[in-house]
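The values are calculated or read from the model by the stated rules, or taken from the named source; none is laboratory data. All figures in this text were calculated on a predicted structure; none of them were measured in a lab. Neighbour counts run over all protein chains shown; Cβ positions are idealised from the backbone, glycine included.
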């Protein structure tokens with residue numbers, strides 16, 4: 001669904017697209033949205049967990065900061081992944097050397113953590 005088009009930003013206020021759920025004009029309001037809009041709204045709500053709605057509405061640079069932070073975090077992730085892969089390659093060479101048992105004892109926990117971090121990043 002993410003490839004589908006969603007309603008173009010900026011989205012209108014709720015009252016501008018909502019209709020009453022009953023014949024009573026004062027009844028509860030509802031807005032009908034497409035599955036694509038729902039998926040986008042759901043992703044945004046989940047991404048903004050813990051941030052007050054008032055902060056999201058009143059801080060115009062919020063989205064710019066998030067984009068910059070995302071870029072920085074992605075770059076750090078890529079650098080970390082490359083370093084971990086290099087570490088694993090070096091570890092594999094060490095393990096194939098003279099003393100397999102002591103190498104595995106020395107690097108065992110770091111090896112598990114590095115491999116888990118690589119698997120986690122690559123699975124996303």
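Here residue 32 meets each of (1) more than 30 Å from residue 115 (Cα to Cα); (2) modelled with pLDDT of 80 or more; (3) under 20 Å from the mean Cα position of the chain (by Cα) with one exception, condition (3). Of all residues in segment 39-62, those that are assigned to a helix (DSSP H, G or I), at pLDDT below 80 and exposed (fewer than 10 other Cβ atoms within 10 Å of the Cβ) total 2. Look through segment 4-29, keep the residues that are under 26 Å from the mean Cα position of the chain (by Cα) and surrounded by 10 or more Cβ atoms within 10 Å (Cβ to Cβ), and return whichever of them is modelled with the lowest pLDDT. It comes out as 4.
Test residue 1 against the criterion of being in a loop (DSSP other than H, G, I, E, B) and either modelled with pLDDT of 85 or more or out of contact with any strand residue (DSSP E or B) (no Cβ under 8 Å at 6 or more places or on another chain) (or both), and give yes or no. Reasoning before the result, please.
Values: in a loop (DSSP other than H, G, I, E, B): yes; either modelled with pLDDT of 85 or more or out of contact with any strand residue (DSSP E or B) (no Cβ under 8 Å at 6 or more places or on another chain) (or both): yes.
Spelling it out, residue 1 is indeed in a loop (DSSP other than H, G, I, E, B) and either modelled with pLDDT of 85 or more or out of contact with any strand residue (DSSP E or B) (no Cβ under 8 Å at 6 or more places or on another chain) (or both).
There is no residue in segment 80-98 that is touching a helix residue (DSSP H, G or I) at 6+ places or on another chain (Cβ under 7 Å), within 30 Å of residue 44 (Cβ to Cβ), assigned to a helix (DSSP H, G or I) and modelled with pLDDT under 80.
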